[in-house]
Every structure is written in C-alpha cells, then in structure tokens.
Amino acid sequence: MPDQVIRVTAERDYEVVIGRGLMGRLPSLLTGATRVAIIHAPTLTVQAQGLLTTLSDHNFEVTLIALPDAEAAKTAAVLESCWTTLGAQGFTRNDVVVGLGGGATTDLAGFVAATWLRGVTLIQIPTTLLAMVDAGVGGKTGINTGAGKNLVGAFYSPSGVLCDLDNLTSLNHEDLAAGMAEVVKVGFTSDPEILRIVQSDVGAAVDPHGSVIGELVRRAVQVKADVVSLDFKESRNGDVLGREVLNYGHTFGHAVEREENYSWRHGAAISVGMCFVAELARQSGRLSDEDADLHFSILESLGLPTSYAAGHWEDLFEAMHMDKKARGSVIRFVVLEGIGRPVAWDGPEPALLAAAYDTISRNQ
Ligand code: GLY
C-alpha cells in the first residue's frame, strides 16, 4: 500500500501519514527546531535510540525521556519531571516534542507540549493500533489525577502524525483486537465498509503484516479527521452529534473499566459497551435485530468480549452517572438507528438500561 496522507483541519492544519518505514520522514517535520525531546514508552527504547541517531545526524540536539508504562505515565509527577528535563535542556518555543508510544504516551507527551511555554510543536508517532486510530489523532491530551481519569488536560493539535504500520508487528493478538474495537466502532457509526472488510476476512483484518490493516487504519483515521475537523472541542449543539459520536460504546465501556479497576484493555471494555448500547437500541425499538446482532458477531469474531458478569448493575449505573460525558444527572448515550446512523439519546429510562444489562449479562 502506498503511503496514505489524511489532512486534519482543526485548531491547526496537519497531516496524518499512514504507511510503513515512515521514520525517515521525521526530520522534515522538525524544520526550524534546534532541540527535540522524544517522550517514549519504556518498551520503545531501541526505536527511540534509532530516532536519536537519525536526528543527531541531521544536527538536532535530542533528549530521550522514557516514561513509566501505560497509565502510570499519565501523572502530575511524570508531567513535572518532563518539564524539569525540558528546562534543563533549555527548550525554547522553536523546539519540538515527539510522542512515541501508545495512547498513554501520546496523551502525556501532548500535554507536555501543550503546557511547556504555553505550547510548542508536537509530533505524534502512535505505535499501537488503538493509538493510531484514536489517541494519536485529534488533539486530546492530558493526565489522570486522584479525581479521575483524563479530567485534567488540553485540546492541543499535533503538527504532524506518523502512523508507521511496521510498529504493529510487535503487538500481540489481544492488543490488535482491542485496537480493532475502535476501528469497528467507526464502522458502526460512520463507515460501514469497515464492517464489510472485517467480516469478509477477520484474519486478514488483524494481520499486522498485511495490507488490509492499513486500509482499515486509513478509513478509521479519515472518519476521526473529518469529525475533529468539524468539532475539535466536542462542543455540544443540541441533539447534533459532533465529536461525541466517537464515544459510541464508551458510556457503558468507561463504567466497565472503572468497575474492573482499569485492568481491562480499553478496547475490550468498549466492545462490551457497544454490545450494551446495541441491546439498548434494539430493546427500545430503534435498531433492527439484524444490526444489533452484527455487533455481537463481528466483535466475537475478533475475540473481543460481548457480555459482562451479572451482579454489578448498581455500580455500573452509578459510574455511568459520574462519567464526564454525563450532564447533571442525565446519562447521555450515542445510539444507532441503523448502521451509520448515530444519534444522541439523553436519559433513557433506568428500566431500559437495566434490561439491556440483564441481556448482556445473561449471555455470560
Ligand atoms: N477518543 C475520543 C475522542 O478523541 O474524542
């Protein structure tokens, strides 16, 4: 597959490049910089060293900042240590932060770039499937605090994103499947061709060496680019769905993540969340049996969970109320009225919600 370039026109215009062997493109994205800080996941030291060598050959002064793993990176203490390093290096407004890793790394690196000197150039290099199609594109940055996940942050666009599909070859099947949950989500809400591609050969869809995965990433990123170009800051406009459409399956999914003390992969929780909301839409007469069933069959074919243990309803219901996407005491869902036809639904009857939960927990 030739490299694909997708343009985002949000807070600033930038390009997302999708392809293989893309690291040679990085120097051209750093024009005007003297210093480059590569903030990277701890498992990517070798790749970070490789970039250091390449960039040093181009006369950049490079600093590597290795983060703790996964969500442990997204703390105020880690943020402060990054600021300390940038200060020690004499980082100026002309210098560049590069985020290299999964979603936690790109979220943290993005927030470092957003806050240092009130904003320096940011290049994101997401290395997981989930981060390529979600966190690495769109400009949501932030950290977790004692008050909750992602409650502190900034909308801050990168100046470029490199999705190098070669990075997917080191992921295990569970991580690829979890990333594919977000791809399939986009298929249900906005690009049904994604569902057709996955259904026709699920093995090819998750083969990190093949060409199908690149086409799926391209389609998912295109939808995300279109959505954030229209509604960068997720501004509500009555019943019109903007960026909120990306939260399909996330209201219940976030509650599951919380109930499981964040031990589940995000994509696995979102998979269950999509099944819950498909069941909610089916039982309220909004979605056909065929379209609701498609959620279960596609997600199961990827080895993702489509049910959740019984006996947790009260906790889950409370967690959905506390989710930052709820407003006041009203829980807002994105539901489908057909494949590719998402709508907002504020405050469904609690009995309907409980019935949808009952169904997906009976499938266990
Ligand atoms: N992950 C949802 C969004 O970027 O808005």
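Residue pairs whose Cβ atoms lie under 7 Å apart, sitting 6 or more positions apart in sequence or on different chains, and linking a residue in segment 237-250 that is in contact (Cβ under 8 Å) with a residue 60 or more places away in the chain and over 17 Å from Val183 (Cβ atoms) to a partner that is more than 10 Å from the ligand (Cβ to nearest atom) and not acidic (Asp, Glu), are Asp239/Ala344; Leu241/Val334; Leu241/Pro342; Leu241/Val343; Leu241/Ala344; Glu244/Val334; Glu244/Ala344. Taking the stated definitions as given, is Val240 within 11 Å of the ligand (Cβ to nearest atom), farther than 20 Å from Gly303 by Cα and hydrophobic (A, V, I, L, M, F, W, C)? When the stated conditions are applied, Val240 does not pass them. Of the residues Gly148, Gly153, Gly138, Gly101, the single one that is under 18 Å from the mean Cα position of the chain (by Cα), away from the ligand (no atom under 15 Å from the Cβ) and surrounded by 17 or more Cβ atoms within 10 Å (Cβ to Cβ) is Gly101. If the condition is being surrounded by fewer than 21 Cβ atoms within 10 Å (Cβ to Cβ) and farther than 18 Å from Thr127 by Cα, then segment 34-53 contributes Thr34, Arg35, Thr53. Would you say Val223 is within 12 Å of the ligand (Cβ to nearest atom) and not charged (D, E, K, R)? Criteria met by Val223.
Readers should treat all values here as calculations from the given coordinates under stated rules, not as data from a laboratory. All values derive from a computational prediction rather than experimental measurement. Positions of Cβ are generated from backbone atoms using ideal geometry, with glycine treated the same way; all protein chains shown enter the neighbour counts.
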